[in-house]
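The values are calculated or read from the model by the stated rules, or taken from the named source; none is laboratory data. On a predicted model such as this, the values are computed, not experimentally measured, just so you know. Reconstructed Cβ throughout: ideal geometry from the backbone, glycine too, with neighbour counts over all protein chains shown. In case anyone asks, the SASA skips ligands and DNA or RNA and just uses the protein heavy atoms, side chains included. Shrake-Rupley method; radii C 1.70, N 1.55, O 1.52, S 1.80 Å.
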Amino acid sequence: MTDATAKADEPLLDLSDVSIVFDTADGPLVAVDQLRLRLARGQVLGLVGESGSGKSLTGFAIMGALDPPGRVGGGRILFDGEDLTTLDPAALRRLRGNRMAMILQDPMLTLNPTLTIGTQIIEAIRAHRPVGRAEARRLAVAAMRRVGIGDAEKRLDSYPHEYSGGMRQRVSIAIALLHAPDLIIADEPTTALDVTVQAQILLEVRRLVEEMGSAWIWISHDLSVVAGLADRIAVMYAGRIVEEGPARTVLTRPRHPYTQGLLRSAPDNPPLADGRLWQIAGSAPAIAHRVSGCRFRPRCPRADAACAEPPPDSGTTHRFACWHPHDGEAVR
Amino acid sequence: MLEVVLRRLVQAVGVVFVLSLVSFVGVYKIGDPVQLLAHESATEQEIAAARERLGLDRPIHEQYAAFVGRMAVGDFGTSFVSSRPVVDVIVERLPATIELTLAAFLISVAFGLPLGILAGLYPQSPMSNAIMAGSILGFSLPAFWFGMMMIMLFSVELGWLPSIGRGETVTVLGAQWAVFSRDGWAHLLMPALMLSLTTLSLVIRLVAAGMREAMMADYVKFARLKGLSERRVVLLHALKNVMIPVVTVLGLEIGSLLAGSIVTETVFAYPGIGKLLIDSINRLDRPVIVTYLILIVLFFVVINLIVDLIYTALDPRVRDSLR
């Protein structure tokens, strides 16, 4: 076996037992733990969960950009075989925006209001490529055209407030794509947009995914958004991955009661007898109120005494952490 | 833009009018300058003659009308005390105050910005706590006390710095400047430090608070995610946003520096226009007082205009709203 084929077999991203910890005055708070995740080259992973489940933190942790007092508390984050948790800040900086990129949720807040769009694209080009201003400008125009911004030459000198939300998100996507990264982490990039704009951007992204061959982690709380994009889906609950597998399987034959609950709560389900939509009882716990064992058990209809112990991780390509999983019957 | 400038000028004329009226009447009510000026042995006739010469025998509204009439053609009158044109008296003292205010302003910015940035970037560090505690002291201590303590330490105890006056001056462009001589610098240092105290503290706190907020903003996160150097993230992306409110406040602070110069110049017997104002008030030298105030108003108008221009350069959203 040659080195090249060995590399092709090895996953692009391999997280094992990663935890994310916040150092507070009352001691460390564990926001995310026991995180296991693998991503092959060119694969699209949908990372799904409620607010506070730790999905965005996971994205920032991979990028090595957790804001203090947050930090990676343990585990390994292998990116192309290299453990990111052991890299020094300068080496991480060379990777960020270059071989891995991230797009944030709210396009109104992502771009700096005091700098022109051109400046913000050009600085991202020149951070990783020793090109002159003129060449960088030409590349910036090309980058804007790629995400469907017309009249790019002129719009380069505009400020973010002269752009609509959808346009701004296109700019962030253009910036993320600049150096054809191996990995793009998209943190709910369509959540803050109008539904029509959302659809356009999703279409655009789907085209770009195919065109670029980058691997994507698409973070979302909306299963329906992820359904159309992802090869695999990981579901997070209260800082842990509770189920992970091929997108179709997870969406149609979920094993974990939480995933099942999410699918049943989608508004396209038929309403209940009283005309209301089904919903998971209760709400996601704050970090300090997470229970031992299975963290979903206070809200789970299947929970019993066994669930006070940490659930085992079952399955191989379709993993789930539950004492009483569904038997994999099709839900729709 | 032109419209903004014109509007400002019209406002300025209104303010000058009201202010001159108030100060004119105010000083008139306080007392009779002739009584203060006249020699102890002056006779009734001599006093009456002086009053007539200064135009103080006429009713107040006539005096004011005469004053406005002269001012309209650029004549601000003659000092009661020195019998010299008021403009000459003020212009002669102006360089001292310009030096002092500018020095205090530069100290505030040159130290306030970096200290504020450091305190904002590392809010948990002991260094940051020390900077923030220091800035609270700077706010709370009366500046004149700080000035007197400096005099006690550096002039009386150590004998390093002079405590009085401006020192040696050099004539440049027809005015006397102390900053061109070593002796002038020695005289300027302590007054400038005292005057900068509150502004420096204010800049530190503003920049630190703004920095802390900006570092949590999404655009800073995104700048970092692009792989930019931390230096560029902080000094361009964060700082440019932090500077928008800071510039506004700095503009206003030039005003309080001028006001503060009155106290500072008094503490250090520093011959600027602040000291001139206090001396003039003590002697009820009305032409000087009123002219000083008008000068300050005009100065404020110019400063505010400059602040607006800088603001426009910093914040593209403001630029658009002016179009």
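Pairs are defined by a Cβ separation below 9 Å, a sequence spacing of at least 6 or placement on different chains, a first member in the range B:208-232 that is within 11 Å of chain A (Cβ to nearest Cβ), and a second member that is part of a helix (DSSP H, G or I) and among the aromatic types (Phe, Trp, Tyr); the pairs so defined are B:Lys221/A:Phe60; B:Leu225/A:Phe60.
Table: residues versus (1) facing chain B (nearest Cβ under 8 Å); (2) of a type in the set (Ser, Thr, Tyr); (3) at negative phi.
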residue: A:Leu109; (1), (2), (3): yes, no, yes
residue: A:Thr114; (1), (2), (3): yes, yes, yes
residue: A:Ile117; (1), (2), (3): no, no, yes
residue: A:Ala142; (1), (2), (3): no, no, yes
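Looking at the structure I just gave you, is B:Val263 more than 14 Å from every other protein chain (Cβ to nearest Cβ) and either open to solvent by less than 20 Å² (accessible area, probe 1.4 Å) or more than 23 Å from A:Ile173 (Cα to Cα) (or both)? For B:Val263, the condition - more than 14 Å from every other protein chain (Cβ to nearest Cβ) and either open to solvent by less than 20 Å² (accessible area, probe 1.4 Å) or more than 23 Å from A:Ile173 (Cα to Cα) (or both) - is met.
Under the condition of being among the charged types (D, E, K, R) and surrounded by 14 or more Cβ atoms within 10 Å (Cβ to Cβ), the residues counted in the range B:17-56 number 1.
Summed over the range B:171-227, residues that are open to solvent by 50 Å² or more (accessible area, probe 1.4 Å) and not in a helix (DSSP H, G or I) total 7. Scanning for something in a helix (DSSP H, G or I) and surrounded by 20 or more Cβ atoms within 10 Å (Cβ to Cβ), does the range B:278-286 turn up at least one residue? Yes, because at least one residue in the range B:278-286 is in a helix (DSSP H, G or I) and surrounded by 20 or more Cβ atoms within 10 Å (Cβ to Cβ).
From (1) at pLDDT 85 or above; (2) not in a helix (DSSP H, G or I), pick out the condition that doesn't hold for B:Glu40. For B:Glu40, the failing item is (1).
Name the single residue that is farthest from the other protein chains (Cβ to nearest Cβ) among those in the range A:159-180 being closer than 20 Å to A:Ile217 by Cβ and part of a helix (DSSP H, G or I).
A:Arg170
Evaluate the range A:41-58: report whether one residue or more is within 14 Å of chain B (Cβ to nearest Cβ), among the basic types (Lys, Arg) and crowded, with 21+ Cβ neighbours inside 10 Å. No, that holds for no residue.
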